[in-house]
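First up is the structure itself, then whatever we jot down about it.
The values are calculated or read from the model by the stated rules, or taken from the named source; none is laboratory data. Everything numeric in this text was worked out from a predicted model, so none of it was measured. No Cβ is skipped: glycine too gets one built from the backbone with ideal geometry, and neighbour counts run over all protein chains shown.
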């Protein structure tokens, strides 16, 4: 599985542009191309999955992009690590097992920062339990032709006030948090990506139809032009 780091740590990618790129890569993978992991940060945007209710949306008229993933409304923006694994799943396709693998990768990665996250029954993502459960990572996926799209958003160091105008993921009785808030120190998106990617590769390995090395075969250190994915492996 190759990795595309799209200006990660250096620039923000518009959501629609990344969505178009996802669909292009998805088509390639579905036709037999190499599984691909895209890592990036988005410009600030609200996106709504298929189950978003009208009362989840912003009350101030803020634009929302309706997308073809599962789940409800969420925010993406600076300080959030976005991971889009686009890969062929083993047959029979088990979407729940795929979501659990994504969750486990987050749980294992944030543990390296001293944060204990876990699953909450009936709610996707990774959560920190307390008097009020708080979500540190959101998950929303789509599987078509046996190939995945969309993925994971980990709150590393975002401005959490961005979640204040919506009902995040349609859950009104819980909150959101970040690695920076939980650890009491600034955690960068690059730091999080370095910890998260190996765990993601490990948890996804049993579900991938492609059989290749779990680790990247090499790293392309060349400079890339703005908004051009850097390919690793």
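Condition first: within 13 Å of residue 107 (Cα to Cα) and either at pLDDT 95 or above or assigned to a strand (DSSP E or B) (or both). Now tell me which residues in region 124-152 satisfy that.
Quick first cut of region 124-152, residues within 13 Å of residue 107 (Cα to Cα) only: 124-129, 135-139, 152.
If the condition is that a residue be within 13 Å of residue 107 (Cα to Cα) and either at pLDDT 95 or above or assigned to a strand (DSSP E or B) (or both), then 124, 125, 126, 127, 128, 135, 136, 137, 138, 139, 152 are the ones that fit.
Let me confirm something: among 116, 195, which residue is within 19 Å of the chain's Cα centre (by Cα), over 25 Å from residue 44 (Cβ atoms) and at pLDDT 95 or above?
On the way: 195 fails: over 25 Å from residue 44 (Cβ atoms).
Going through 116, 195 in turn, just one is within 19 Å of the chain's Cα centre (by Cα), over 25 Å from residue 44 (Cβ atoms) and at pLDDT 95 or above: 116.
Within region 107-118, how many residues turn out to be more than 15 Å from residue 183 (Cα to Cα) and touching a helix residue (DSSP H, G or I) at 6+ places or on another chain (Cβ under 6 Å)?
Step one: list which residues in region 107-118 are more than 15 Å from residue 183 (Cα to Cα), which gives 108, 118.
Now drop any that are not touching a helix residue (DSSP H, G or I) at 6+ places or on another chain (Cβ under 6 Å), which leaves 108.
Here the count works out to 1.
Looking only at region 150-164, how many residues end up being surrounded by fewer than 23 Cβ atoms within 10 Å (Cβ to Cβ) and touching a strand residue (DSSP E or B) at 6+ places or on another chain (Cβ under 8 Å)?
Qualifying residue count, region 150-164: 3.
Can you tell me which of 63, 78, 85 is more than 17 Å from residue 158 (Cβ to Cβ) and touching a residue at least 40 places away in the same chain (Cβ under 8 Å)?
Numbers: 63 fails: touching a residue at least 40 places away in the same chain (Cβ under 8 Å); 78 fails: more than 17 Å from residue 158 (Cβ to Cβ).
Result: 85 is the single residue among 63, 78, 85 that is more than 17 Å from residue 158 (Cβ to Cβ) and touching a residue at least 40 places away in the same chain (Cβ under 8 Å).
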